[in-house]
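Structure record follows, encoded as structure tokens.
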Amino acid sequence: MDCRTAQILMELFRPGTAELEPSEAEALDRHLADCPACAQNAGHERQSDDQLKTAMRNVSIPAGLPGRLSARLDAMQVAEKRRRLRRIAGSLAAAAAVLLAVFLGMDWQRKHPPAVDLDDLRSCFNAEVANPSEGVQKWLQENKLRTPPPEDFEYHFLAHYYLADLQGKRVPLLLFVRAKDASSPDQARVYLLSAEQFDLNALALNSQDVESVGCKVEVLFHPTDRRYAYLVVYTGDSLEPFLKSVRQAEI
Amino acid sequence: MGFAGNSWSVQRLVDEHYVSLYRYAYRLSGSVADAEDLTQEAFCQAQEKRHQLRDPARAKNWLFSILRNAYLHRVRSDKLHHLTLLENMEEMPELPSQPLPAVDPERLQQVLKELPEVFRTPVILYYFDEFSYRDIAEQMDLPLGTVMSRLARAKAYLRSRLLQLEAEIAADGQRRATNGL
């Protein structure tokens, strides 16, 4: 090792640290043992370092500093907690205000029940009587029922429509009533079915085997979409009186 | 050492490190008031960012890094503080042939103030002893070689200037003694 390299390594060397590789530290020691000039420089370097280290650390700590630091941290923690509580209180107040508004609204409604709007009732009735099939379509849409209503039926005979229970499934049902005479009107109950709910092909086959006891059963498919079918259970000799062609003939 | 992120844990950092942190702050800034402000600010930032400290063993490095950044931010924003920039710091001062005698801490501070911060910081951290060269390089976000180079220059500068000041004071003392006769 030459003196230049030794000087560089002396810059790196710090007693008690592992800044030099063991092999480098050994090589440096060997050089210092053989080179009085470098050994003297190393001694000066260490002595200077010791003096500088002592002086560098010789800083008086102001009285009460740890107490002031802790007090500042405590104040920060208190402020942080307050901010958190304010946020929680704000959320709770907002939730309470909403609940109060809902409660007051419900209470007000209970104490002030609305009057029956006869005009609205009259106009709905007139609209349904004037165009019953539109009423059915609107009802199906409002209840998100996709099965389209049958087009062939005469909706002036429509008496009622509702959701019926068929083998545990809710299906729309249209009730048509036609008075052949005052004492015994004929009825046709039309169940609106979809392929999602029932096996419509099996239904079509099975309906042909049903014996007529007091009522008849027919299955009609939607003219363009075989996913929809109408299961009609009716009284009377045939379904034709309920269909549009009969009405037109009467007119 | 529990680092659940609560103020008790940061309080423990205060207890363990406030002395060395304050000393570092004083050597960086040269002012008792600034040093206390910087130390306060460092611990406050540690409180706010406590979730960032993943390895408790690196707490001291982390705190020193926070303090240095706070100091640099202050120096950049405070236009009243001017650092005396030395010319030709890239040139290596000649290494004195004699060792340093005992160094007056205030005189050391006076010479430290002459150094630009990028030379002052590594030499302060070096003499605080617990930081390896890698620690210093990491804190300053510099390559190891750059840190070594700046450290060598800063140390040589300190020794030269302190010896020069000692000689000037000694010469001044002798002149006064002669005039007194």
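What follows draws every value from the coordinates through simple rules; no lab data is involved. Here the structure is a predicted model, which means the values were calculated and not measured. Because the Cβ atoms are built from the backbone with ideal geometry, glycine has one as well, and the counts that use them run over all protein chains shown.
Annotations for the structure displayed:
- Cα gyration tensor category, rounded, prolate or oblate, for the protein assembly as shown with a/c compared to 1.5: prolate
- Fewest-first ranking of B:THR121, B:THR39, B:THR146, using other Cβ atoms within 10 Å as the exposure measure: B:THR146, B:THR121, B:THR39
- Computed about the Cα centre, the dipole magnitude for the protein assembly as shown is approximately 1460 debye when only Lys and Arg (+1) and Asp and Glu (-1) carry charge, each at its Cβ.
- Residue among A:ALA42, A:CYS3, A:ALA188 farthest towards the positive dipole end of the protein assembly as shown, charges placed on Cβ: A:ALA42
- Once the Kirkwood radius over Cα pairs is known for chain A, the Stokes-Einstein relation at 20 °C and 1.002 mPa s delivers a diffusion coefficient of 74 µm²/s.
- Anisotropy class of segment A:145-187 from Cα gyration tensor, a/c 1.5 cut: oblate
- Counting every other Cβ atom within 10 Å of each residue's Cβ, A:ASP225, B:ASP135, A:ASP2 order from fewest to most as A:ASP2, A:ASP225, B:ASP135.
- Applying the criteria of a DSSP loop state and at most 13 other Cβ atoms within 10 Å to the GluC sites (Glu not before Pro) of segment B:10-53 yields no site.
- Compared with the alpha-carbon gap, the fully stretched path from A:VAL129 to A:ASP152 is longer by 6.5 nm at 0.36 nm per residue.
- Mean Cα-pair separation over length for segment A:16-161, i.e. relative contact order, pairs under 8 Å, 6 or more apart, %: 9
- Neighbour cut-off at most 10 other Cβ (10 Å), DSSP loop, trypsin sites (Lys or Arg not before Pro), segment A:142-200: A:LYS144
- Set of lysines near B:LYS60 by C-alpha distance (under 18 Å), chain-local residues within fewer than 8 positions excluded: B:LYS49
- Links that overshoot a 32 Å alpha carbon limit, given the list A:LYS53/A:LYS81; A:LYS144/A:LYS180; A:LYS169/A:LYS216: A:LYS53/A:LYS81; A:LYS144/A:LYS180
- Restricting the GluC sites (Glu not before Pro) of segment A:140-208 to loop positions (DSSP other than H, G, I, E, B) with no more than 12 neighbouring Cβ atoms within 10 Å leaves A:GLU151, A:GLU196.
- Three-way shape label, segment A:1-150, alpha-carbon gyration tensor, a/c 1.5: oblate
- If you take all other residues with their beta carbon under 12 Å from the beta carbon of B:TRP62, and give Lys and Arg +1 and Asp and Glu -1, the sum is +3.
- Here the contact order of segment A:75-226, divided by its residue count and restricted to Cα pairs under 8 Å and six or more residues apart, works out to 11 percent.
- When B:SER29, A:SER184, A:SER70 are arranged by Cβ crowding within 10 Å, least crowded first, meaning fewest neighbours, the order is A:SER184, A:SER70, B:SER29.
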